[in-house]
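What follows is a set of notes on a single structure, which appears directly below.
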Amino acid sequence: MSEALAVVETAGTDTSVPAVSGARQFWRRLRAQRAALVAAAVVALLVLVALAAPLLTALEGQDPTTYHPTLIDSARGGVPIGSLGGASADHWLGVEPQTGRDMFARLVYGARVSLGVSLGAALVQVLLGVAMGVAAGLGNRWVDLVLSRVTDIFVSMPLMIMALALLAVVPGSFPRPVLVALIISLVSGWSTTAKMVRAQTLALKNLDYVAASRLSGWSTWRTAVRELLPGLAAPVITYAALLIPQNISAEAALSFLGVGVKPPTPSWGQMLTSADVWYQAAPQYLLLPALALFVTVFAMTVLGDGVRVALDPRAASRLRIGTGRKREARARAAVPGGAPRKEARP
């Protein structure tokens with residue numbers, strides 16, 4: 001209903017040209033942030049590694065569950081034989097202490113679990129949060145009151161305590177990665193999304209084009225899909241990008257506490273749990289999954305911040321990565337005398 005032409009005023013004349021598409025503007029703003037582009041490349045590489053885990057382990061000739069007792073020194077308590085944790089042409093990153101399972105295979109398969117759980121949980125959080133927020137924003141006073149109180153209850157729930165309780169009572173036959181993703185998504189994340197979407201819906205439904213659609217006889221569902229969801233896309237995408245690293249950290253924490261993904265399914269948090277007593281004898285067993293978690297969470301956070309700035313050009317980046325000095329240099333170059341000009345206050 002609101003498709004318009006951008007009016008560009010040049011040399012005292014008005015020239016109507018088609019407005020630049022939102023996707024093209026977003027990509028142009030994102031490309032201006034080098035840190036976000038590097039983070040996007042790192043995330044893409046991690047996703048590619050996770051998807052290609054069977055192929056990568058086949059190239060190495062290993063799998064994540066096979067034990068290699070001949071590669072560990074039982075006299076020393078199960079420490080891998082050789083330098084760098086037993087790294088060799090057959091085991092690129094060495095083997096696990098006590099079990100002798102291949103570290104590279106468990107790392108790449110662990111990426112599938114960590115990324116799959118976090119992405120699946122983020123999808124459920126966004127869908128449930130948007131549905132609850134839009135329903136509360138467009139509903140009558142009682143619907144808004146009930147949904148808002150339910151959302152407040154879930155906001156106040158401590159994730160770890162609720163997750164520990166739920167994971168302890170669910171039968172072991174239920175697929176553990178799916179269970180962890182459902183618990184993370186249903187206990188946390190969606191409630192904050194719902195509160196943000198409700199606030200945005202209350203602001204958007206008073207605009208002229210939304211009011212016109214409702215007065216024209218459109219149903220609430222049609223108004224939400226055709227008029228409200230396009231306006232909610234930017235904040236929802238931004239928040240979803242920031243939910244993913246939080247979910248990765250939550251999955252790692254649950255696995256570290258021993259209630260997340262169960263062996264022999266590999267997970268980075270589970271590997272950290274087993275590595276807490278081997279940091280001196282086999283430090284690579286602790287450092288490799290910790291480094292993988294750090295790189296993944298950091299890249300996701302930087303990318304989420306870049307997406308937020310690209311969708312809202314008025315917002316400033318919270319992460320000053322390699323941009324502050326360049327911005328200051330450009331400001332000094334733009335002002336004669338080498339110092340940035342300060343605006344005079346009245």
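Throughout, read-outs are computed from the coordinates displayed, never taken from laboratory work. In this text, all values refer to a predicted model and were calculated from it rather than measured experimentally. So basically every Cβ, Gly included, is an ideal-geometry build from the backbone, and we count neighbours across all protein chains shown.
Overview of results
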{"read-out": "Exposure proxy order (Cβ contacts within 10 Å, fewest to most) of 112, 29, 76, 141", "value": "141, 76, 29, 112"}
{"read-out": "Neighbour-count ranking [beta-carbon atoms within 10 angstrom, fewest first] of 209, 285", "value": "209, 285"}
{"read-out": "Environment charge of residue 105, counting only residues whose C-beta is closer than 14 Å and scoring Lys/Arg +1, Asp/Glu -1", "value": "-2"}
{"read-out": "Fully extended contour minus Cα-Cα distance, from residue 225 to residue 199, at 0.36 nm per residue", "value": "7.7 nm"}
{"read-out": "Fewest-first sequence of 216, 118 by Cβ atoms within 10 Å of each Cβ", "value": "216, 118"}
{"read-out": "For segment 93-144 versus segment 253-294, the gap between their alpha-carbon centres in whole angstrom", "value": "18 Å"}
{"read-out": "Test item: Cα-centred dipole of segment 34-332, Lys/Arg +1 and Asp/Glu -1 on Cβ, debye", "value": "1300 debye"}
{"read-out": "Neighbourhood net charge (14 Å Cβ-Cβ; Lys/Arg +1, Asp/Glu -1) for residue 207", "value": "+1"}
